[in-house]
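Okay, so here's the structure we're looking at.
Values in this text are rule-based calculations from the coordinates and carry no lab data. Values in this document were obtained by computation on a predicted structure and should not be read as measured data. Reconstructed Cβ throughout: ideal geometry from the backbone, glycine too, with neighbour counts over all protein chains shown.
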Amino acid sequence: MNTIYGYWRCSTDAQDQERQIRSLTEAGCEQIVGDFITGTSNYGDRKELSKLLDEIQEGDLLILDELSRLGRTMVTMLVEVNKLLEKGVKIRTLDGRLDTTTMNKEIINLIVGVMGYSAEMELNNIRRRTSEGRAVAISRGVKMGRKRSFSQHQMEEIKSMRQAQRGYGSIAKSLGMSKSTVARFCVSSGI
């Protein structure tokens, strides 16, 4: 008996996999697995996908929300789709762009190549827009990175306590901070 598998992927924990799972369930998937991991990650890092690729057999059907769930680069997508096809696995995307049950191999390779290229270009566009947005924010004076864990008043207190020869632990305890925070500030300030 052939099995219908579904695979979902979300790039971050903040993204919601429920929509993909619901769509895969409605499509008749008997087993659904997924990973919270970026599309540019190595396949070996995708624990659930790796297990699925080992388990899936000839005649089984793999359903994806869209082909980019397999990866964001053209080469990666082509390699993985070809591995599945050589294994005798059928692939269908819910967006209707790929259905190996009805297409010949040449058309499949063309579609996968174009979709892989499109996913790769979208990833590059996201990176470019993020970089441009960061540059604009910095030019406006927005501070990037983690927020300081101490206030201006606390910095002055640390300086005066260090001048009074107090140790990191003593300062940290009196200001309610961690010893490592006090030490990091003192080292970076040269006090």
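So here's what we get for this one:
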| read-out | value |
| --- | --- |
| Cα gyration tensor shape of the chain, rounded if a/c is under 1.5, else prolate or oblate by comparing a/b with b/c | prolate |
| Within straight-line cross-link reach of residue 51, lysines at Cα separation under 19 Å, skipping those fewer than 8 residues along the same chain | 83, 87, 90 |
| DSSP bridge orientation in the chain - percent antiparallel, rounded to nearest 5 | 5 percent |
| Low-density loop positions, GluC sites (Glu not before Pro), the stretch 53-100 - DSSP coil, at most 14 other Cβ in 10 Å | 58 |
| The chain, relative contact order in percent, only Cα pairs under 8 angstrom and at least six apart counted | 15 percent |
